[in-house]
Amino acid sequence: MRITNLFLITLALLSPYLIIKGIGGGEFNTYLGAAEQLKLGNSCYNVWLHYGNQNGTSQYGYSPLFAFLLIPFTYLPVWFAPLLFLIVDMAMLFAIFRLLMKWLGVNDASVKFKVVSLTTVFSLRLILHNFEMVQLNIFLLWLTMQGVQYISAEKKYWQGALLLAFGINFKILPIVFVPYFLCKSEYKAVALIAIFSILLLLLPALLLGYDFNVQLLKEWINIINPLNEKYNSAQNIESYRLHGLSALIASYFSKNDNGTFQILISPLSNEVVRAIINVTRLFLILLSIFFISNKHNKSTSASRYFAIEISYLLLITPLIFPQQNKWAFVYLIPAFAVIFRHLIMKGWKEKYVSISLLAIIFALTTLTTDGIIGKSLGYYAECLKLLTIGTLLIIPLLILVKSNSKNLSHE
């Protein structure tokens, strides 16, 4: 069945669900609320926003550019933009799986069905969180993957750099691929990403004015500044729902005074907690050297080794950046695809150990959702950062895949 036909059938089957979520608006109403503020000439930062059918108020933390680009949608019915975005998200999800099958060299229909099905099952909670909240992360994942594909595999530097620059300007996360391209000596790509990023930062000034745009950028940078205390030892004070390394370490080594449940292993000073967080981040970043060093093929863009590299970098992205919610972990999709492709087509001597570890990962990342275990137990799972722990356990599996993969470009 052609991918277009499969997408249309899936879209038709899910249309009632998408319509309901589109009418609800989710987080997209916050984005539109920010766009509305810009339209009125007001700052969209550090203010409580309410838009459309949004329950309660929330604050905006994405870039001025993203809110600026959404201004035209504020003139449409309040449900239309969220619904349209969910349809785009569906299309991007199909595009992500299509890219993954290309990277992994999966052509056999039966193998493709198994890899996609297992990856979807293991990622379903994270995918549904994005649909439930009408979140940006699936679209951001596609921007990143397609941008990397253009640069590394197709040498379409302008197109790839522009996609990554949009992603960086929307939610900074794709910036992890700038040092990746430096390691790969793709200096043209790095230069173009930098140029496009600067131009996109300045784009809203065309209508908002230069001074107002600079003010917005300063407010945005202050919000996302990783040196802020709330992103380190105080990570969990505002919300127990945050995940990532900083949330995990703070939850077990820093006492919360907000009544949130925690198992305090040992109360440490803020300085020590911050140091542990940064050392752990550095370890994961340095481990990327193991994944991106390839002695078998200097041109890795067409090999499955390329998929292993990219999947690791995407996996650690929501871990090393602070203030991430569970929907950001949709970035795990490529890692699951890499693991299942290798299990199905190659296998390795640690196969049963790997399957056992996958069962634990599934329990921690999927079975801990409140949709399965209820809100009460789901609350404790969030406080204990089980999703983050499950994500960290994927790393040994990727190491096994990489270690058991020899001469990937010649398979």
Inset, instruction - Could you go through the stretch 118-128 in sequence order and give the Karplus-derived ³J(HN,Hα) for each residue, using 6.51 cos²θ - 1.76 cosθ + 1.60 with θ = phi - 60°, rounded to whole Hz, and x for Gly and Pro? - result: 5, 5, 5, 4, 6, 9, 4, 4, 6, 5, 5
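Past the 16 angstrom mark, what percentage of all C-alpha to C-alpha distances in the stretch 1-90 do you count? Don't skip to the end; give the middle numbers.
On the way: 2195 of 4005 pairs.
Value for the stretch 1-90: 55 percent of Cα pairs lie more than 16 Å apart.
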Legend entry - P(r) histogram, all alpha-carbon pairs of the chain included - 20 Å bins from 0, percent: 25, 61, 14, 0
Legend entry - Calculated over the stretch 226-410: convex hull of Cα atoms, volume per residue (Å³): 123 Å³
Legend entry - Lys, Arg +1 and Asp, Glu -1 on Cβ, resulting dipole of the stretch 226-410 about Cα centre, debye, nearest 20: 780 debye
Legend entry - Per residue, the convex hull volume that the Cα atoms of the stretch 148-188 enclose (Å³): 56 Å³
Legend entry - Projected area, mean over directions - the stretch 193-273, Cα convex hull, nm²: 7.4 nm²
Inset, instruction - Given a cut-off of 20 Å, name the pairs among 171/255; 346/402; 171/375; 114/346; 184/402; 326/375 whose C-alpha atoms lie farther apart than that in the structure shown. - result: 171/255; 171/375
Legend entry - Residue among 264, 291, 235 farthest towards the positive dipole end of the stretch 226-410, charges placed on Cβ: 291
Legend entry - Furthest towards positive pole of dipole, 129, 146, 225, structure part the stretch 109-244, Cβ charges: 146
Legend entry - Backbone N within the stretch 1-40 under 11 Å of label point (7 Å from residue 109 Cα along the Cβ vector): 1-2
Legend entry - Of 23, 198, 372, the one that fluctuates the most in a GNM where the chain has Cα springs shorter than 10 Å: 372
Inset, instruction - Please work out whether the stretch 60-179 counts as rounded, prolate or oblate from its C-alpha gyration tensor, where a ≥ b ≥ c are the square roots of the eigenvalues and a/c under 1.5 means rounded, while otherwise a/b larger than b/c means prolate and anything else oblate? - result: oblate
Legend entry - Sequence-distant residues sharing a close amide H with residue 243 (under 5 Å, placed H): 324, 325
Inset, instruction - Order the peptides 253-259, 128-134, 356-362, 330-336 from the highest to the lowest mean number of other Cβ atoms within 10 Å of their residues. - result: 330-336, 128-134, 356-362, 253-259
Inset, instruction - Give, rounded to the nearest 20 debye, the magnitude of the charge dipole that the stretch 72-222 has about its Cα centre when Lys and Arg contribute +1 at Cβ and Asp and Glu contribute -1 at Cβ. - result: 440 debye
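Bear in mind these aren't lab numbers, they're just calculated from the coordinates by the rules spelled out. As the structure is a computational prediction, the values presented were derived from the model and not from experiment. Here Cβ is always computed from backbone atoms with ideal geometry, including for glycine, and neighbour counts include all displayed protein chains.
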